[in-house]
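Below is one structure; the comments refer to it alone.
The values are calculated or read from the model by the stated rules, or taken from the named source; none is laboratory data. What you see is a predicted model, and the numbers here were worked out from it, not measured in a lab. Virtual Cβ from ideal backbone geometry, glycine too; neighbours counted across all protein chains shown.
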Amino acid sequence: MATADGHDQPVEPSVVSLRRLEGGFLHLPMRFFVQGANTNEVRRVPCMAWLIENHNVKKKVLFDMGLRKDVESYTPAVFRRMQTTVKAEVPEDIYDSLGKMQIDPQSDVDAVIFSHLHYDHVGDPSRMGTQTSFVLGPGASDLITGPKSYPENPDSHYDSNLITNGRILNLPSADSSLWVAFGPFPKTYDYFHDGSLLIVLAPGHCPGHINALVRIESDRWVYLAGDTAHDRRLLDGTKQIAEYWDDDTGGFKCAHIDKNEAALHIQRVRELKNYINVEVILSHDGDWLHSNEHRF
């Protein structure tokens, strides 16, 4: 559009609205995540989920779903973990939040983008309407198909019945040209094709782990970092990713399948502030939630 003096009027970039959804809480033993943490340090942390709404294209999508209230419906291995190692509490879930917002999950949610398929992020997809697609990062769907998933593997955390057949939308493979560089990230995908929501490949944590970079104002962004780090001390560089001894396996374990890749991605997230005006939010950042409970 031209102005009265004949010059082109700047086009405002597309933006989305962002609202936080309740997703329950975990009691995390920090020695599993933060190198040098006290063996008795346990933090009550949120499992944050988000509603992203693009008013231009009239679409509502969720980023993660937190924990489900019916914890006994998780796979037996997950339920055992929640009873013994990582306790959970779910006073409210995403469906409670959506109800307060007068959003009907049976008709109003177009898609759920899962940062990854760990139990504290997938909630209860069965309560979403048939119009909802479930968006997975490259390689994630392999975790819930085949003999390595529950029930074929009774010890698996990944349930082959998690998502009804035909409702999974797999993002392009990591080597696709549809992934392009943005700032410090080598691979991002423009979800709405208008620059308002970029999906970021976030390797290291588990197969298909992705983050979301959302533009909420023309010059203001929020980076939803999923499980890039489980503690802000890892993000600011004052602590390092933990490795810990596991008696069950007789070896050292890490919360990430590739510690080096995870550390590299954390470094890229740190660098993002050099490119744009951005706030980084970790899925399990209890300190952030305490200070910002009513901001979104």
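Tabulated results
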| read-out | value |
| --- | --- |
| Extreme residue, surrounded by the fewest Cβ atoms within 10 Å (Cβ to Cβ), among residues of the range 223-254 that are β-branched (V, I, T) and over 13 Å from the mean Cα position of the chain (by Cα) | T249 |
| The range 286-295: number of residues that are under 19 Å from I52 (Cα atoms), modelled with pLDDT of 95 or more and either among the polar types (S, T, N, Q) or outside any helix (DSSP H, G or I) (or both) | 1 |
| Some residue of the range 108-124 being without any contact (Cβ under 8 Å) to a residue 40 or more places away in the chain and either of a type in the set (G, A, S) or out of contact with any Pro (no Cβ under 7 Å at 6 or more places or on another chain) (or both) | no |
| Subset tally (residues that are of a type outside the set (A, V, I, L, M, F, W, C), more than 12 Å from the chain's Cα centre (by Cα) and closer than 19 Å to Y191 by Cα) for the range 103-131 | 3 |
| Failed condition for S107, given (1) under 30 Å from D194 (Cα atoms); (2) among the hydroxyl-bearing types (S, T, Y); (3) surrounded by 14 or more Cβ atoms within 10 Å (Cβ to Cβ); (4) out of contact with any Lys or Arg (no Cβ under 8 Å at 6 or more places or on another chain) | (3) |
| Residue within the range 1-24 that is of a type outside the set (A, V, I, L, M), under 30 Å from S149 (Cα atoms) and not in a loop (DSSP other than H, G, I, E, B) present | no |
| All positions within the range 242-280 that are assigned to a strand (DSSP E or B) and touching a Lys or Arg at 6+ places or on another chain (Cβ under 9 Å) | Y244, W245, D246, V278, E279, V280 |
